[in-house]
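Structure first, commentary second.
The values are calculated or read from the model by the stated rules, or taken from the named source; none is laboratory data. If you're wondering where the values come from, they're calculated on a predicted model, not measured in any experiment. Ideal geometry is used to build each Cβ from the backbone, glycine not excepted, and the neighbour counts take in all protein chains shown. These area figures cover heavy atoms from the full protein model, side chains too; ligands, DNA and RNA do not enter into them. Shrake-Rupley method; radii C 1.70, N 1.55, O 1.52, S 1.80 Å.
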Amino acid sequence: MESERGGDMEQFAAIKRSKDGQAVRYLIVDDSVFARKNLARIVESFGGELAGEAGDGVSAISEYQRTKPDIVLMDITMPQMEGIEAAEKIVQQNPDARVVMVSSVGYQENIVAALQRGARHFVQKPVKPEVLYEVIKYVLGEDGVVAAATGAGA
Amino acid sequence: MKMELIQPFINAADAVLSQGLNSPMQMGNLTMEQDAYRRKGVAALVELSGDIEGRIIFDVAPRTATQIASKLAGAELPESDAMVREAVCELANQVIGNAIAALNDQGFHFRVHPPRLHTSEHGARSTTDIEAMVLCFETSSGSVYMNIALRYTNSAEAATAV
């Protein structure tokens with residue numbers, strides 16, 4: 001579960017795609033339904049839109065091809081195919097893919113492996129929404145723009 | 001079981017539960033499990049393999065599990081809801097994952113397997129090979145238990161002996 005604050009979700013100034021001003025589309029990959037739902041809640045608080053979900057690395061690859069999201073949020077420890085391998089395959093097929101690893105097993109070796117194999121960033125679980133927000137802005141770079149502030153998290 | 005193995009789990013539980021429930025957590029009893037383990041409610045089991053191997057059961061009474069899951073989800077969940085069980089598994093994943101990360105950075109190398117729901121009423125008792133230790137954490141929603149049964153494998157013992 002990603003937002004461990006419970007209760008009301010803090011609202012952030014929306015991050016939009018700079019090319020068309022539309023919502024940033026996310027593919028959320030985690031074997032836990034609970035984690036996926038909470039991550040979806042967080043990205044919606046950033047003004048994002050859920051493009052798709054997957055519960056393992058193999059499904060993540062096909063879901064990426066189907067949905068072509070702007071950002072992939074990818075767990076590491078998953079059945080069938082782990083997140084780092086899935087990230088590598090997605091990036092091999094789609095060099096512009098932006099994959100952010102979101103995992104509790106954030107030890108140095110794992111982080112380095114993920115970055116070497118194509119991930120753009122690593123976020124430690126439990127996810128702090130304000131941390132993920134900054135990571136999303138960083139990873140999008142000039143392809144993302146922050147809309148007018150709407151809440152305290154802006 | 002050496003304290004160097006247990007402390008990362010205590011630290012991780014403190015960090016994850018305190019953040020998740022948005023209130024401080026207190027360490028309760030720490031006991032050796034002499035008898036066969038008896039499940040208390042909604043339980044998730046995580047297996048480890050590598051320099052350290054064994055299993056950890058993350059166990060919460062049904063009412064406490066519902067309260068914790070509801071807080072994490074930001075909405076009231078019924079006790080029977082599958083999301084309550086999912087929440088306990090994910091919480092186990094986070095606590096154990098954070099502890100594993102700390103141990104890994106200390107030089108232990110092992111693999112953590114995805115959590116799965118532990119439905120058996122009982123678990124294996126301590127043996128001369130593997131001691132089971134039960135940690136109790138007192139949260140604002142009730143007690144959370146972690147039953148940890150780990151042992152060093154030969155490769156880890158060789159590394160620590162150097």
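Looking only at strands (runs of 3 or more DSSP E) that lie completely in segment A:1-93, which have at least 1 residues being touching a Gly at 6+ places or on another chain (Cβ under 8 Å) and under 27 Å from B:V46 (Cα atoms)?
Numbers: elements: A:15-17, A:25-29, A:49-54, A:71-74.
Result: A:25-29, A:71-74.
Out of A:E109, A:E88, A:E63, A:E130, report the one residue that is open to solvent by less than 70 Å² (accessible area, probe 1.4 Å) and either small (G, A, S) or over 17 Å from A:V24 (Cα atoms) (or both). Working first, answer last.
Details: A:E109 fails: open to solvent by less than 70 Å² (accessible area, probe 1.4 Å); A:E63 fails: either small (G, A, S) or over 17 Å from A:V24 (Cα atoms) (or both); A:E130 fails: either small (G, A, S) or over 17 Å from A:V24 (Cα atoms) (or both).
The unique qualifying residue is A:E88.
Against the conditions (1) buried (at least 19 other Cβ atoms within 10 Å of the Cβ); (2) within 13 Å of B:M146 (Cβ to Cβ); (3) among the hydroxyl-bearing types (S, T, Y), B:T31 satisfies every one except (1).
The set of residues in segment A:80-129 being within 12 Å of chain B (Cβ to nearest Cβ), farther than 27 Å from B:L72 by Cα and among the acidic types (D, E) consists of A:E109 alone.
Is it true that some residue in segment A:3-23 is closer than 18 Å to A:V135 by Cα, within 14 Å of chain B (Cβ to nearest Cβ) and basic (K, R)? No: segment A:3-23 contains no residue that is closer than 18 Å to A:V135 by Cα, within 14 Å of chain B (Cβ to nearest Cβ) and basic (K, R). For segment B:69-98, taking the residues that are facing chain A (nearest Cβ under 9 Å) and in contact with a Pro (Cβ under 6 Å, 6 or more places away or on another chain), the one that is least open to solvent (accessible area, probe 1.4 Å) is identified as B:Q94.
Checked against (1) more than 8 Å from chain A (Cβ to nearest Cβ); (2) under 15 Å from B:L17 (Cβ atoms); (3) of a type in the set (A, V, I, L, M), B:I52 meets all criteria but (2).
Hey, among the residues in segment B:55-64 that are outside any helix (DSSP H, G or I) and open to solvent by 30 Å² or more (accessible area, probe 1.4 Å), which one's nearest to the other protein chains (Cβ to nearest Cβ)? It comes out as B:R55. Select from segment A:90-124 the residues that are of a type in the set (K, R) and either closer than 21 Å to B:P114 by Cα or touching a residue at least 40 places away in the same chain (Cβ under 8 Å) (or both) and list them in ascending order. Of everything in segment A:90-124, just one residue is of a type in the set (K, R) and either closer than 21 Å to B:P114 by Cα or touching a residue at least 40 places away in the same chain (Cβ under 8 Å) (or both), namely A:R98.
Close Cβ contacts (under 6 Å, 6 or more residues apart or on different chains) running from residues in segment B:1-28 that are open to solvent by less than 40 Å² (accessible area, probe 1.4 Å) to residues that are of a type in the set (V, I, T) comprise B:A12/B:V95; B:A13/B:V95; B:V16/B:V95; B:L17/B:T139; B:L21/B:T139; B:M25/B:T139.
Yes/no matrix, rows are residues, columns are (1) modelled with pLDDT of 90 or more; (2) in a loop (DSSP other than H, G, I, E, B):
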| position | (1), (2) |
| --- | --- |
| B:A43 | yes, no |
| B:E47 | yes, no |
| B:T66 | yes, no |
| B:M83 | yes, no |
| B:L91 | yes, no |
| B:G97 | yes, no |
| B:N104 | no, no |
| B:F108 | no, yes |
| B:R111 | no, no |
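Scanning segment A:61-100 for residues that are closer than 25 Å to B:Q94 by Cβ, under 12 Å from the mean Cα position of the chain (by Cα) and acidic (D, E) yields a single hit, A:D75.
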